[in-house]
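Data block below; observations after.
Every number here is computed from the coordinates shown, using simple stated rules; none is lab data. All figures in this text were calculated on a predicted structure; none of them were measured in a lab. Don't worry about glycine lacking a Cβ; one is built from the backbone with ideal geometry, like all the others, and counts go over all protein chains shown.
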Amino acid sequence: MRAGLVRLALAVALAVVTPAWTAPVSSGPVVDLGYASYRGYHDLDADLHVWKGIRYAAAPVGKLRWQAPQPPLQNDSSVTSAVEPPPLCPQTGAFGVPVIYGFNSKPGNEDCLYLNVYAPPNADKLPVFMWIHGGGNSVFGATDDPTELINNNNKSFIVVMIQYRLGAFGYLASPEVKAKGALNAGLLDQRFALQWVKKYISKFGGDGNDVTIGGESSGAGSVMYHTMAYGGKKTSLFNNAIIASPWTPPAYRFDAEFPTANYDAFAALAGCGNKTVSRLKNRADTFDCLVSADTTTLQNASGIVSTTRGYFGGFAFGPVVDDDYIQDLPSKQLQLGKVSGKRILVGNNANEGVPLTNPEVSTRDAYDDFIHATFPHLTAEDLAKLNSIYQINQSETGNNATRHDTLGDSGPTALTVSEMATGLQQSVFNIAAESLFDCPAQWLAEAFSSSSDNDNCSRRRAWKYQYSVTPAFHGADLGAYFPAGHSPPNADFRRAFQRIWGGFIVSGSPVISLADATAGFGNATAPADGDRLDWPAYTLSEPYQMDLNTTGGYETLITVTPDLSYYERNGSGIVNTLRLVNASSWEGGRGARCSFWREVAPRVPF
């Protein structure tokens, strides 16, 4: 059981902490950025130059709290060591989630706007992959290790891993923040890091004009918002985007009830609330009070608000519609095709509803409570339609069925069964998965393949996939591209998956050779187009997605809690199973259910 607990805490958390650095190293080159010089190290095993903890923006403390990021101050010291990981930003936990899952509030350092660079020796004008970690916009940091991803692609690109403000520090929202500060500060940090890449990555051997931006979960949601930035009209700082499990929770207007109530609760806990405000000149002075407050007080307030308000698996602070950087709901703007960037590779996992969904739903009353808590503004008509398309009456009788992975295009579907649950519990997992992850992934694929008034439409393309390797819960795919500290998937699948990503980063296409797709095994399966993988771009008329899976070996049951267990595939004989499928008819008609979520989106809202 302990192994299962550790695996979940490491793998399912939207980003993970890698093991302590023990690789043999030698002194690395010095890079002069003008405002500071940094000496990294050379990882002898990976044969990569690495710089950790490069400052890309001034410390967002004091008067710079809740302001747009500013350039770093001049550092007059000779050379700054860049061999240790940067300090994590303050960590803000989720509501209702068990501690063992890893989404917990922890103290951090507000001075955390740093990035790490991984570059092959003698790099020269290489493509760049900039990664945004996940964690509900509230936890984790630049802790993943991309060395295997780089080396499995013949050292053909550079990777930049960034940190950004989290929780209330990055996403506090209210009319006061709008008037006196900057909304969506965490997103602005990420864009500032992109500008840093544009300006400075040539110093490391990268090409600032050939950038792919990527992320997982809330990091993927952030990438989605960067494609939507300024209504999709401004010149993009990236060409391509890799969007893995785009977490898209409700996106309220900055002055709506939910974010402003959280602002008020945060201010009260920080000693800047109603009693304090009554002694100040006006309500706007609350903001000034917060700016001057003690960091420990603010960090505690951020954690308390997020872990005591909302619904299971939710975080109190996240992106808001600010009428500037974010101008509309994703469901609406993506339908209009108002996006920037040229190409996207977008995917979701087979079991996205785990672990950030209540695992204790076994009765109709519990199901109804979940729906009302998660979607409180749906109308009676909305709820009737939801229960119909998700076949809730059928699910009520299926709670004692046997759990198993679905095939997706035949037999029982995710509406009633998965390897995680059956019956109403599976309905809850599936509703959460499709509304928060799967449908936003589909909307993104459609946005990059549909007509619009965007002049760059003819150059836009999308490829879509589903990560189905058991257990395929939310975050399990991290082991496929940042495997340090993870268990499955196996090495042959990892290499194929990493080649897909690498090909997209370098050439703008995820199509790999059949040799890479099958790892040379005769009993592996993959759709063929000559000696290449047959993977056409996604279109509205032909909504293809690649189902990425494995078979063989043996399955081991991992028990995390009495309410959550899953299987892992291990041993010899595991082979890749890749299939080209229809994303719209997938799992009993996911496309139609995504149309439902788009229809009710203004009442969610997302």
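When the chain is fully extended, how far beyond the present Cα-Cα distance does Glu555 get from Lys106, taking 0.36 nm per residue of separation? Write out the running numbers ahead of the final one.
Working: separation 449, 0.36 × 449 = 161.64 nm, distance 3.48 nm.
Between Glu555 and Lys106, full extension yields 158.2 nm more.
Quote the convex hull volume per residue of the chain, based on C-alpha atoms, as a whole number of Å³.
Each residue corresponds to 147 Å³ of Cα convex hull volume.
Per residue of the range 556-573, in order, report the coupling 6.51 cos²θ - 1.76 cosθ + 1.60 (Karplus, θ = phi - 60°) as ³J(HN,Hα) in whole Hz, putting x for Gly and Pro.
10, 7, 10, 9, 9, 9, x, 9, 9, 8, 7, 10, 10, 9, 9, x, 8, x
For Glu360 and Lys342, compute 0.36 nm times the residue count separating them, minus their Cα-Cα distance, and round to one decimal in nm.
Taking Glu360 through Lys342 to full extension adds about 2.2 nm, to one decimal.
Can you tally the net charge around Tyr325? Count Lys and Arg as +1, Asp and Glu as -1, for every other residue whose Cβ sits under 15 Å from the Cβ of Tyr325.
That works out to +2.
Which far-off residues, 5 or more places away or on another chain, put their amide H under 5 Å from the one on Arg461, with H placed in the peptide plane?
When sequence neighbours closer than 5 places are left aside, the close amide H contacts are Arg343, Ile344.
Could you work out the Kirkwood radius for the range 534-606, taking every pair of different alpha carbons, averaging 1/r and inverting it, reported in Å?
It works out to 15.6 Å.
Using the 2.2 N^0.38 Å rule of thumb for compact globular proteins, work out how the range 213-258 stacks up: its C-alpha Rg over that value, please.
Compactness ratio reported: 1.27.
Write down the percent of antiparallel bridges among all DSSP beta bridges whose residues are both part of the range 451-606, to the nearest 5. If you can, show how the numbers build up before the last one.
Values: 18 of 22 bridges.
If we restrict to bridges inside the range 451-606, about 80 percent are antiparallel.
Taking a 30 Å limit on the Cα-Cα distance, which of the listed pairs Lys125/Lys234; Lys106/Lys233; Lys199/Lys338; Lys234/Lys332; Lys52/Lys332; Lys178/Lys203 fall beyond it?
Lys106/Lys233; Lys52/Lys332; Lys178/Lys203
Got the relative contact order for the chain handy, in percent, Cα pairs under 8 Å and 6 or more residues apart?
Here the relative contact order equals 15 percent.
If you plug each phi of the range 70-82 into the Karplus form 6.51 cos²θ - 1.76 cosθ + 1.60 with θ = phi - 60°, what whole-Hz ³J(HN,Hα) values come out, in order, with x for Gly and Pro?
10, x, x, 6, 5, 10, 8, 5, 4, 9, 9, 5, 10
Could you tell me the center-to-center distance, by alpha carbons, between the range 472-504 and the range 558-606 in angstrom?
17
Work out, step by step, the length gained on full extension between Ala261 and Asn393: first 0.36 nm times the residue separation, then minus their alpha carbon distance; give nm to one decimal.
Once the chain is fully extended between Ala261 and Asn393, it gains 43.9 nm.
Please report the antiparallel percentage of DSSP beta bridges with both residues in the chain, rounded to the nearest 5.
50
Of Tyr481, Gly411, Gly303, which is farthest towards the positive pole of the chain's charge dipole, taken about the Cα centre with +1 and -1 on the beta-carbons of Lys, Arg and Asp, Glu respectively?
So the residue furthest toward the plus end is Gly303.
Restricting to DSSP H runs of at least four residues, report the calculated mean residue ellipticity at 222 nm for the chain, -39500 (n - 2.57) per run over all residues, nearest 500 deg cm²/dmol.
Calculated from helices alone, the mean residue ellipticity at 222 nm is -8500 deg cm²/dmol.
Using only the alpha-carbon atoms, what does the range 183-266 span along each of its principal axes? Please give whole angstrom values in decreasing order.
That gives 47, 23, 23 Å along the principal axes, largest extent first.
Please list 135-147, 217-229, 35-47 highest first by mean number of surrounding beta-carbon atoms within 10 Å per residue.
217-229, 135-147, 35-47
Under the rule of at least 5 residues apart or a separate chain, name every residue whose amide H is placed under 5 Å from the amide H of Asn109.
Result for Asn109 returns Leu88, Cys89.
So for the range 237-392, what percent of the C-alpha to C-alpha distances run longer than 19 Å?
That fraction is 69 percent.
What ³J(HN,Hα) values, in whole Hz, does the Karplus curve 6.51 cos²θ - 1.76 cosθ + 1.60 give for the range 114-124 when θ = phi - 60°, with x put for Gly and Pro?
10, 9, 10, 10, 10, 9, x, x, 6, 4, 8
Using amide H atoms built 1.01 Å from N in the peptide plane, name the residues 5+ places from Arg253, or on other chains, whose amide H lies under 5 Å from its own.
Val321
Can you grab the distance from the C-alpha centre of the range 413-430 to the C-alpha centre of the range 86-140, Å, no decimals?
The two parts, judged by their Cα centres, are 31 Å apart.
Count charges around Ala244 for me, please; just the other residues with Cβ under 10 Å from its Cβ, Lys/Arg as +1, Asp/Glu as -1.
Working: positive: none; negative: Glu216, Asp477.
Net charge in that neighbourhood comes out at -2.
Given the range 114-243, what whole percent of its Cα pairs are spread farther than 24 Å?
28
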